[in-house]
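Bear in mind these aren't lab numbers, they're just calculated from the coordinates by the rules spelled out. From a predicted model like this one, the values you see are computed outputs, not experimental measurements. Positions of Cβ are backbone-derived with ideal geometry, glycine not excepted, and every protein chain shown enters the neighbour counts.
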Amino acid sequence: MAEAATSRPVATRYAMVGFGGRASMFLDPIVRDFPEQARLVAGCDKSFRAFDYHLNRVRSAYSAKVEPRFFRDDEFSRMLTECKPDAVIVCSPDYTHERYITGALAAGCDVITEKPMVTTAESCRKVLEAAGRAKGRMRVAFNYRWSTGTTHVRKLLQDGMIGNIKHVSLDYFLDTMHGADYFRRWHSEKACSGGLIIHKATHHFDLVNWWIDGIPEEVFGLGNLAFYGRENAIRRGDGKWTGYDRYTGKAEADDPFKMDLSQDDALRGIYLNAEAETGYIRDRNVFRPDIDIEDTMSVLVRYRGGQQLNYSLVAYAPYEGYRVSFTGDRGRLEYEELHRSHLITGQSDEELAAQQKAGGRNITIRLTPHFQKQQVIHVQPDAGAHGGGDPRMQAAIFDASLGRDPLGRDAGVEQGAASIMVGVAANASFISNLPVRISQLCPIKPSAVRLGELA
Ligand SMILES: NC(=O)c1ccc[n+]([C@@H]2O[C@H](COP(=O)([O-])OP(=O)(O)OC[C@H]3O[C@@H](n4cnc5c(N)ncnc54)[C@H](O)[C@@H]3O)[C@@H](O)[C@H]2O)c1
C-alpha cells in the first residue's frame, strides 16, 4: 500500500485568474483530462457569478468534484498566501496580466499566461525583470504554434526546403462576425488590449518569429480606424446602426451586427448576470464614438538576422483566414488557411467545418524549391479548437510525463516579449510615422539572433 501511495504523481496545485470566455481552455483539461496531475485550488475574478458559472458547468459536464476557493481581484495576494498554488494561470483581460504575472512569480509560482503577455513596453520590462529574479517557470500560451497546419510549415522550413528565409509576407483578415466582436468588448480600448496590433497580431508575430527562428528589431507601421466607429458608419450611409449604445434589448431587428447576451447560456452566465459586479458591458455598439483602436494595419519589420516581414491585418473582411508566403534563397513556400465565412448567412462553425472537411481544402501549402515543380499539400487539421492546437498545447501544459517539445512550441518569457514588442513598436510608429527600434523600448537579450536562443 505504502509503495503504491508514494509512486502516485503528486497533482500540481493551480490557481486561475479570469473566468471569462477563454477560461475553458485551462479549466476543462484540468478537470476532465488530467485529474491525477492537476488540481484547481483557487480562482480569482472580479465576478463570483462568472466563476460560479464555469464551476457549475464543468461539474455537470464531467461529473467532477472540483472545489476551488474563490477570491476577488483585490484578494489576489491573499489567495497566493492562503492557497499556496504551485502555478498560476493568467486568463484575465490583457491589461491585468502584468500585475498577476509579477505577483505570482514573486510568490515563487510557475506562471502560464494567455497571450498577449502584456501590452506595453513598461509592463514588458517589469515582467522580464520579475522572471529574471524568479525561480518559477514562465510560459506564454501561444496556441497557434500547436495547430496542425502551422506545425507542418515549421517542419518544412526547419528541414531547409526553401533554404535560408529572407522575406515573409503575412496577410490576416478577420471577418465581420469575429472581427466585429473585438469592437463590442474591452478589446476596443487601447488601454485594455493595446489594440489588435498587440491583442490579435501577437499570435501572428509569434508565428513568424518561431517559423523563421528570428528576433524582430525594427518596426514601421500604419494604422487606421476605417470601418468601425460612429463616424465611419455615418460616412458610408450606415448611420441607422449607430442609434443605441449596446445591442441586448435595444438593437434594430435587422442590424447585422446585433448580439443578444440573454439568448446564450455562456453569454448570460459570464457577462450579463455579472454586470452588477463588474460594470462591464460586453455587447457595446461597434459603431459608437469612443473606439480608439485600429481596424486596418500595415507593418514592416526588420529582424536581427536581416529577414524582412511585410504584415497586414484588417478586421472587417467578408471571410476569415490568412495567407503567408516565405521566400528563401532556395525557393518559396506559401500557406493559406481559411477559417470561416459569413457569405452564407447563418452558417454555423459546424456546417463550415463539415464543408471544409468535404472539400479538404481549407489549409493549403504550396512548396516551390528553385528549379523544381511546385508541390501542393492539402493539410487536414486535427480535431479541437484552433486547428487542433488547443488540445495539443493543453497536453504540453498539464501532462507532466511529456518532455520538452522537439519543435520548440513552448514559449517562455523572452519569446513572449519578442512577439508583443512588435505590436508595441508598431503602436509607437502609428503615432510618430517613423520606424521604431524595439531594443530602445525594451531590450531582449541583445546578444541573441535566433528565437531559439531566447527563453
Ligand atoms: N489564445 C487564444 O486564442 C485566446 C482566445 C481568447 C482569449 N485569449 C486571452 O485570454 C484572456 C481572457 O480573455 P477572455 O476572452 O476570456 O476575456 P473575457 O472578457 O471573456 O473574460 C475575462 C474575465 O476576467 C474577469 N476580469 C476582468 N477584470 C479582471 C481583473 N482585474 N482581475 C481578475 N479578473 C478580471 C472578468 O470578470 C471575466 O470573467 C485574454 O488575455 C485574451 O487575450 C486568448
* Find the Rg to Rh ratio for the stretch 298-339, where Rh is the Kirkwood radius over alpha-carbon pairs and Rg uses the same atoms. => 1.04
* Order by neighbour count: Ser188, Ser298, fewest other Cβ atoms within 10 Å first, most last. => Ser298, Ser188
* Asked: So, counting K/R as plus one and D/E as minus one, what does the shell of residues with Cβ under 13 Å around Glu231 add up to?
  -> 0
* To do: Return the Rg/Rh value of the stretch 70-111, two decimal places, where both radii are evaluated on C-alpha atoms and Rh is the Kirkwood radius.
  => 0.91
* To do: Post the alpha-carbon centroid distance, the stretch 248-273 to the stretch 129-180, in whole angstrom.
  => 33 Å
* Arrange Phe48, Phe26, Phe205 by Cβ neighbour counts within 10 Å, fewest through most, would you? => Phe48, Phe26, Phe205
* To do: Let me know the whole percent of all Cα-Cα pairs from the stretch 2-142 that are separated by more than 18 Å.
  => 54 percent
* Asked: By its C-alpha gyration tensor, with a ≥ b ≥ c as the square roots of the eigenvalues, how is the stretch 124-222 shaped: rounded for a/c under 1.5, else prolate for a/b larger than b/c, else oblate?
  -> oblate
* Structure fact -> Exposure-ranked with fewest Cβ neighbours within 10 Å first, Trp186, Trp210 stand as Trp186, Trp210
* To do: Enumerate the whole-percent occupancy of each 5 Å bin, from 0 to the last occupied one, for all C-alpha pair distances of the stretch 243-340.
  => 2, 9, 13, 14, 15, 12, 9, 8, 8, 6, 3, 1
* **Surface/4 of the Cα convex hull for the stretch 116-157, nm²** => 4.2 nm²
* Asked: Share of antiparallel DSSP beta bridges in the chain, in percent to the nearest 5?
  -> 60 percent
* Rounded, prolate or oblate: pick one for the stretch 33-80, where a ≥ b ≥ c are the square roots of the eigenvalues of its C-alpha gyration tensor, a/c under 1.5 means rounded, and failing that, prolate if a/b is larger than b/c, else oblate. => oblate
* Structure fact -> Amide H proximity to Gly229 below 5 Å, modelled H, separation 5+ or other chain, gives Phe287, Arg288
* Structure fact -> Here the Cα Rg-to-2.2 N^0.38 Å ratio for the stretch 188-286 is 1.42
* To do: Give the Debye-formula value of log10 I(q)/I(0) at each listed q (0.07, 0.10 Å⁻¹), with one equal scatterer per alpha carbon of the chain, two decimals each.
  => -0.36, -0.76
* So how much slack lies between Ser60 and Asp159, counting 0.36 nm per residue of separation and subtracting their Cα-Cα distance, in nm? -> 31.0 nm
* Asked: Across the stretch 230-278, how large is the tail of the calculated P(r) beyond 11 Å, expressed as a percent of all Cα pairs?
  -> 71 percent
* For the chain, what is the mean residue ellipticity at 222 nm derived from helices alone (per DSSP H run of n ≥ 4: -39500 (n - 2.57); sum divided by total residues; nearest 500 deg cm²/dmol)? -> -9000 deg cm²/dmol
